[in-house]
1. Modelled label-to-label distance, residue 150 and residue 210, 7 Å Cα→beta-carbon offset: nm?
2. Can you show me the helix-derived [θ] at 222 nm for the chain, built from DSSP H runs with n ≥ 4 at -39,500 (n - 2.57) apiece and divided by the number of residues, rounded to the nearest 500.
3. Mind ranking 115-122, 255-262 by how tightly packed they are, going by the mean number of other C-beta atoms within 10 angstrom, highest first?
4. Taking 7 Å along the Cα-to-C-beta vector as the label spot, tell me the residue 220-residue 170 distance in nanometres, rounded to one decimal.
5. Between residue 35 and residue 305, what is 0.36 nm times their sequence separation minus the Cα-Cα distance? Round to one decimal in nm.
6. May I ask for the distance between the Cα centers of region 129-196 and region 274-296, given as a whole number of Å?
7. Report, in degrees rounded to the nearest 10, the 0 to 90 angle that the Cα long axis of helix 203-223 makes with the longest principal axis of the chain.
8. At R0 = 25 Å, how high is the FRET efficiency between residue 288 and residue 232 if r is their beta carbon distance? Nearest 0.05 is fine.
């Protein structure tokens, strides 16, 4: 009855349902000898995450949650979202959390994205909004300690749930955004075996974070005049695929400078054409940029302008024609 009342209370607030369509979830059938702690260890690599299984499956935590062989348990996990053109932190939060005001939780879960808004093509980790039903005399500090291991997180929980203070009523539903509900290697294997489909694991996000870590090396190579090395590194990074729009623009700009230094202004123009395709309002610092680089950039802009002015049914040359 406690969880039914909590469900009805949550619906009245318009909170996301337990089975949120945008979040992947695996159903685990309990086997002989398993405990919630052992199941949490298998899927998350952390037995302490049994509290997540208790909350997600509406089990009674008081006195120890009991499970039996054959019971079906939902194993929740974070989602991954590829940013489309025009999307913002607010619009992504609206989709996954039902409120733009909760966007801070997504921003905090993706610290490698430093732009004011997520860049097109970036893969974001979306924390799972676990529904916790408050027990008798339970406080927000206790909820924060249980799921985050830190009572300081109560402030974020209060903000995420729009609460004025940390006092909770018995049966009150609290949404707890968890960014670490990432399946372990064993958990991914179990989920794949159970569904027949490869479990989502954020590979694109991991790749983009690796690329971000290597970009300073590209800038250093340019600054130190290692232009051949910069071209090799830049093209290797581009070849990795699945980059964000900003990462591609950054790499193409660096390649353009390197190509000019190597006596290939034609290739520099090609690199700028690629950058302008993703960022049409791209500008260069005219005071700190060499005239040859500026000339290649202006040539690229002229090509883009000419391409835009060409009628759609004209079978003229592509925007980068003549760059070979």
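1. The answer from the label model is 2.8 nm.
2. Details: 13 runs with 156 residues, N = 324.
Per the formula, -15000 deg cm²/dmol.
3. Details: 115-122: 17.4, 255-262: 22.9.
The most tightly packed comes first, giving 255-262, 115-122.
4. Label-label distance for residue 220 and residue 170, simple model: 6.1 nm.
5. Values: separation 270, 0.36 × 270 = 97.20 nm, distance 6.49 nm.
Gain on extension, residue 35 to residue 305, equals 90.7 nm.
6. Taking the Cα centre of each part, region 129-196 and region 274-296 sit 47 Å apart.
7. For 203-223 against the chain, the angle is about 40 degrees.
8. Values: r = 25 Å, r/R0 = 0.99.
That pair, residue 288 with residue 232, gives E of 0.50.
Read-outs throughout are calculated quantities, based only on the coordinates presented, and are distinct from any laboratory measurement. On a predicted model such as this, the values are computed, not experimentally measured, just so you know. As a convention, Cβ positions derive from the backbone with ideal geometry for all residues, glycine included, and neighbour counts pool all protein chains shown.
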